[in-house]
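Some notes on the structure that comes next.
The values are calculated or read from the model by the stated rules, or taken from the named source; none is laboratory data. All values reported here derive from a predicted model rather than from experimental measurement. Every residue, glycine as well, gets a Cβ built from its backbone with ideal geometry; the counts of neighbours run over all protein chains shown.
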Amino acid sequence: MNPAIENNYAFIRRFWIYQSERFPLLGHGVLIAAFTFSAISYSRICRGESGFINLADFGIGVFATLTFFLLVRIFDEFKDKEDDEKYRPYLPVPRGLISLSELKKIGVTVVLCQLLIIGFFQPQMIALYLIALVYLGLMRVEFFVPVWLKKHPLLYAASHMIIIPLIDLYSSGLDWRLSGSGLHLGLAWFFAVSFFNGFVLEFGRKIRTPDSEEEGVMSYTRLLGTKGGVLAWAGILTGTFLLALGASYYAGFGEIAFVLFCIYFIICIAPAVFFILKPSIQKSKYIEYASLSWALLLYFTLGIIPVIKNL
């Protein structure tokens, strides 16, 4: 599509194009719904509770987490503005499809909607929501040390990945907080799985072949080498797999979870083996798809097994 044409579309149409490129609502919605469902279910089984929470509360939780991740995307647009203009002019913001001022208005609207909905229907959840929101604000200013962080990309990634367990804290709170209980220590397993799952997704989308590397665009194959970047991804996937086994063992899921996680792991790590043997752009995409599939299957399993056990 010619940017000169699409940039003149009505705002709704331009935003639809923007989300399809930068934050596909449907795809992210499925993953985030599974993420939220899983956090709630795991919390309930840790507390020895049967059944599930009120569906209205779950719906509000999915809305809050989905729009919160949208805020993360919007904040990144501001944070990466200069690099995107210099090295990635094809992205929606630098090519003029949508402006930062429009994204700012969307972000403010999202925060106001979140505060109104959570404050009115789930006032007990405001504190957990604000913890994540304050941390997101610190991410926006890169913890006041942007130059130092950019010189340490792995620490940079780790500092930003903490937002995922904080959103997990909110999501699990839809069970323990709304029921008036305390945070169960067993949730530490789930928070650890989520943290490293974030790294699986982060590394998985930044694996490149030598000829597809872009100047000024950070990738883990550029940072660690073509083979090193993929081996790092495989190592993180393996670590997440072991944490998932630990989480399922702690919750008493039994052999079915062990078998399912082993099957998922073998299928999802296979693209890394094929990429190392013969790197290609298509195989790097398979690693990205495997990362998404792994996260979705893992959250689905950790969330659905407690429900099945308690029927």
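Screening region 15-53 for residues that are over 17 Å from Leu298 (Cα atoms) and of a type in the set (Val, Ile, Thr) and picking the one that is surrounded by the fewest Cβ atoms within 10 Å (Cβ to Cβ) gives Ile17.
So which residues in region 199-220 are small (Gly, Ala, Ser) and either at pLDDT 95 or above or exposed (fewer than 15 other Cβ atoms within 10 Å of the Cβ) (or both)? Gly204, Ser212, Gly216 - these are the residues of region 199-220 that are small (Gly, Ala, Ser) and either at pLDDT 95 or above or exposed (fewer than 15 other Cβ atoms within 10 Å of the Cβ) (or both). Taken over region 69-96, the criterion of being in contact with a Phe, Trp or Tyr (Cβ under 6 Å, 6 or more places away or on another chain) and either loosely packed, with under 14 Cβ neighbours inside 10 Å or outside any helix (DSSP H, G or I) (or both) is satisfied by Pro92 alone. Within region 94-107, residues that are farther than 22 Å from Ile5 by Cβ sit with their Cβ atoms under 7 Å from residues that are surrounded by 15 or more Cβ atoms within 10 Å (Cβ to Cβ), at 6+ positions apart or across chains, in these pairs: Ile106/Ile74; Gly107/Leu71; Gly107/Ile74.
Taking the listed residues Leu130, Leu100, the one that is within 30 Å of Glu213 (Cα to Cα) and either of a type outside the set (Lys, Arg) or touching a strand residue (DSSP E or B) at 6+ places or on another chain (Cβ under 6 Å) (or both) is Leu100, with no other qualifying. The condition (being loosely packed, with under 13 Cβ neighbours inside 10 Å and free of Cβ contacts under 8 Å to residues at least 60 places away in the same chain) is satisfied by just one residue among Ile256, Ile236, Ile266: Ile266.
Among the residues of region 98-111, is there at least one that is within 20 Å of Arg14 (Cα to Cα), not in a helix (DSSP H, G or I) and not β-branched (Val, Ile, Thr)? Scanning region 98-111, I find at least one residue that is within 20 Å of Arg14 (Cα to Cα), not in a helix (DSSP H, G or I) and not β-branched (Val, Ile, Thr), so the answer is yes.
Is region 288-297 home to any residue that is over 17 Å from Gly239 (Cβ atoms), modelled with pLDDT of 95 or more and charged (D, E, K, R)? Among the residues of region 288-297, at least one is over 17 Å from Gly239 (Cβ atoms), modelled with pLDDT of 95 or more and charged (D, E, K, R), which makes the answer yes. Residues of region 184-210 that are in a helix (DSSP H, G or I), within 20 Å of Ala232 (Cα to Cα) and touching a residue at least 40 places away in the same chain (Cβ under 8 Å): Ala192, Val193, Ser194, Phe196, Asn197, Phe199, Val200, Leu201, Glu202, Phe203, Gly204, Pro210. Does Arg14 fit the bill of being in a helix (DSSP H, G or I), assigned by TED's automatic domain parsing to the domain that holds Gly107, touching a Ser or Thr at 6+ places or on another chain (Cβ under 9 Å) and of a type in the set (D, E, K, R)? So Arg14 fails the test.
Among the residues making up region 17-57, a single one is in a loop (DSSP other than H, G, I, E, B) and of a type in the set (Ser, Thr, Tyr): Ser50.
Is it the case that Leu133 is modelled with pLDDT under 95, surrounded by 14 or more Cβ atoms within 10 Å (Cβ to Cβ) and in a helix (DSSP H, G or I)? No, not satisfied. The set of residues from region 118-130 being in a helix (DSSP H, G or I) and surrounded by 17 or more Cβ atoms within 10 Å (Cβ to Cβ) comprises Ile118, Met125, Leu128, Tyr129. Considering the conditions (1) surrounded by fewer than 20 Cβ atoms within 10 Å (Cβ to Cβ); (2) not in a helix (DSSP H, G or I), Tyr156 is excluded by exactly one of them, (2). Scanning region 126-169 for residues that are in contact (Cβ under 8 Å) with a residue 60 or more places away in the chain and farther than 25 Å from Phe203 by Cα turns up just one, Tyr129.
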